[in-house]
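Here is the structure we will look at.
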Amino acid sequence: MAPIYEILIADDHPLFRSALFQALSSGLSAEIKLTEVGSIAELQSLLEQRSTWDLVLLDLNMPGAHGFSGLVLLRSQYPHVPVIVISAQEEAAVVKRARDFGASGFIPKSSSLEDIQKAVQDVLDGDLCWPAQVHEDAAPLSAEEETISAQLASLTPQQFRVLSMVCDGLLNKQIAYELNVSEATVKAHVTAIFRKLGVRTRTQAAMALQHMELATSGRQPQP
C-alpha cells in the first residue's frame, strides 16, 4: 500500500492556497492529505494537537510570522517536521537565509505547478529543494542573527504567541483576553520572554522580531 503523506499548507492567501491544493492533489506520486491554515497561531495549534505531519509549507509573510521567526520556531519546537518556505520574496539572500534557518527547501510563488510538485516530492522523498539562485558566497548569518535565532528558539509556543502580540502593540490585558488566560499568566510569560531574550522592555523585545523581519531583505535594524 502506498504511503499517505499529511501536509500542512500555512499561507494567508486563499487563492495561492487553492493553487497549492490543486498542484499537490493531482501531481504527486503518493496519496496525500492536505490541511490549510492562514496564520502562525492556527499552525501552532494543529502542531500542538499532533506533531506527526510529514511536511509544512510555510509562507514567510503570513500573520504572526514576523519574517523568519516563524521558521525558527518550527525548527526548534518540531525539528522532525521538514519545512519548505514559500514566498513572493525570491531574492537570493532571502533563499539563503531560509536555508540557514533550517528550512528543507524554498518555493518561489512564481513557480510553475510542475516545479512546485517536484519540490514537494523531493522533500517527501528525503531530499532538499533549492532554487538555482542560492549562492554559497552569500553572506552567512551574522553573530547577532545567530544569537537572536537561538533566543527565539528557546521560547515555548505560548511564549512566542505572547511575544508576537507584544510586538503588535497589544497590552497584557488584551493578550490575556485573546489567549483566554489571566493577566497574571501573561505577565509571567512576558517576564520569561524578557529573560530569554536578554531584554528589559517591550520595545527591545519587539526589536528582536524586527531583526528577523529585516533579515529577509538583508538589511540590519537601526539602533
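The values are calculated or read from the model by the stated rules, or taken from the named source; none is laboratory data. Quick caveat, the model's predicted, so the values are computed rather than measured. Glycine also receives a Cβ, built like all others from the backbone with ideal geometry; neighbour counts cover every protein chain displayed. Only protein heavy atoms, including side chains, enter the accessible area calculation; ligands, DNA and RNA are left aside. Shrake-Rupley method; radii C 1.70, N 1.55, O 1.52, S 1.80 Å.
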For this session: Name every residue in segment 47-67 that is buried (at least 16 other Cβ atoms within 10 Å of the Cβ) and either of a type in the set (Phe, Trp, Tyr) or out of contact with any Pro (no Cβ under 9 Å at 6 or more places or on another chain) (or both), in order of residue number.
Result: 53, 57, 58, 59, 60, 61, 62, 64, 65, 66, 67
For this session: Those residues that are of a type outside the set (S, T, N, Q) and either open to solvent by 10 Å² or more (accessible area, probe 1.4 Å) or at pLDDT below 85 (or both), I need them from segment 74-85; list them, please.
Result: 75, 78, 79, 80, 82
Problem set entry | Close pairs from segment 5-31: first more than 15 Å from residue 62 (Cβ to Cβ), partner in a loop (DSSP other than H, G, I, E, B) and among the hydrophobic types (A, V, I, L, M, F, W, C), Cβ under 6 Å, at least 6 apart | 5/30; 6/53; 30/2; 31/2
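Name the one entry in 154, 164 that is in contact (Cβ under 8 Å) with a residue 40 or more places away in the chain and open to solvent by less than 20 Å² (accessible area, probe 1.4 Å). Spell out the reasoning first.
Values: 154 fails: open to solvent by less than 20 Å² (accessible area, probe 1.4 Å).
Criteria check complete, one pass: 164.
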For this session: Kindly establish whether residue 107 is in contact (Cβ under 8 Å) with a residue 24 or more places away in the chain, over 30 Å from residue 193 (Cα atoms) and touching a Cys at 6+ places or on another chain (Cβ under 9 Å).
Result: yes
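With segment 105-223 as the region, which helices (runs of 4 or more DSSP H) entirely inside it contain at least 1 residues that are under 15 Å from residue 85 (Cα atoms) and modelled with pLDDT of 80 or more?
Values: elements: 113-124, 143-153, 157-167, 172-179, 183-197, 202-214.
Helices (runs of 4 or more DSSP H) meeting the threshold: 113-124.
Hey, among the residues in segment 110-134 that are aliphatic (A, V, I, L, M) and free of Cβ contacts under 8 Å to residues at least 40 places away in the same chain, which one's surrounded by the fewest Cβ atoms within 10 Å (Cβ to Cβ)?
132
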Exercise. Looking at this structure, is residue 88 out of contact with any His (no Cβ under 6 Å at 6 or more places or on another chain), surrounded by fewer than 16 Cβ atoms within 10 Å (Cβ to Cβ) and within 23 Å of residue 22 (Cα to Cα)?
Worked result: yes
Exercise. In segment 1-48, how many residues are assigned to a helix (DSSP H, G or I), in contact with a strand residue (DSSP E or B) (Cβ under 6 Å, 6 or more places away or on another chain) and of a type in the set (D, E, K, R)?
Worked result: 1
Seminar exercise, completed: Subset of segment 1-40, residues open to solvent by less than 70 Å² (accessible area, probe 1.4 Å) and touching a Pro at 6+ places or on another chain (Cβ under 8 Å), comes to 12, 30, 38, 39, 40
